[in-house]
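Remarks on the structure that follows.
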Amino acid sequence: MIIVKAKSEDLPCIMEIVEKGRKKIAEYGIDQWQNGHPNLEMFKKDIEKDRLYVLKDEKIQGVFALIDHDYSYDEIDGKWLDDSDYVAVHRVAVNQKGLGSYLFSELKKQYRHIRVDTHKGNIAMNKCLLKNGFTYCGVISLKDEHGVLTIQEGGGLRNAYEYIE
């Protein structure tokens, strides 16, 4: 398994994986990813901004975005462990159980400071983050790329996690 930058021709496979993830999340009875977010346009924008990655073996097995700064993380109901520069991991979707752990294990080899958030009801992701050495830090409110609060699924509140080497 390798991690490489996503290309436009990867988008059909990426969207298949995202749709599979969307169905799995729906089984939790939560509204995360149920209202057309993330969508094809977001992934196209991520590719344009050179921040979308795929996990590949013979075929694409997962997708995620890496962002240098997330306005949603500027304020937290809780406390971050560290205020240094970080990468934020977003839009994670994988084809099979265990690939989330692989992904975070690989990212921890490359980055000393990682932040990520998820819906409180996304049981699999909350467990995966704790299992992989992330610390629960509190709750954040989702903001767009201009720092404006957005009302998304679940009222835009997310559990926030941090990893520090």
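The values are calculated or read from the model by the stated rules, or taken from the named source; none is laboratory data. Worth saying up front: this structure is predicted, and the values here are computed from it rather than measured. As a convention, Cβ positions derive from the backbone with ideal geometry for all residues, glycine included, and neighbour counts pool all protein chains shown. Protein only, heavy atoms only, side chains kept; ligands, DNA and RNA dropped before computing areas. Shrake-Rupley method; radii C 1.70, N 1.55, O 1.52, S 1.80 Å.
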Checklist entry - Accessible area per residue, 1.4 Å probe, Å², for region 41-111: what's the number? => result 54
Next on the checklist: With +1 assigned to the C-beta of every Lys and Arg and -1 to the C-beta of every Asp and Glu, and no other charges, what is the dipole magnitude of the chain about the Cα centre in debye, to the nearest 20?
Outcome noted: 620
Checklist entry - So who's got an amide H within less than 5 Å of the one on Gly138, skipping anything under 5 residues away but keeping other chains? H placed 1.01 Å off N, in plane. => result Ala160
Checklist entry - With labels modelled as points extended 7 Å from the Cα through the Cβ direction, what inter-label distance (nm, one decimal) is found for Lys79 paired with Ile3? => result 2.9
Checklist outcome for this item: Amide H contacts under 5 Å for Tyr86, restricted to residues at least 5 apart in sequence or on another chain and with H modeled in the peptide plane, are none
Next on the checklist: Helix-only mean residue ellipticity at 222 nm, the chain, DSSP H runs n ≥ 4 weighted -39,500 (n - 2.57), per residue, nearest 500. What is it?
Outcome noted: -8500 deg cm²/dmol
Checklist outcome for this item: Given [x] 41, 34, 29; [y] 49, 47, 33; [z] 50, 34, 22 as possible values of Cα extents along the principal axes in Å, the one from the coordinates is [x]
Next on the checklist: Within the chain, which whole H helices from DSSP have a Cα span along their axis of at least 20 Å and a mean Kyte-Doolittle hydropathy of -1.0 or more, if any?
Outcome noted: 11-26
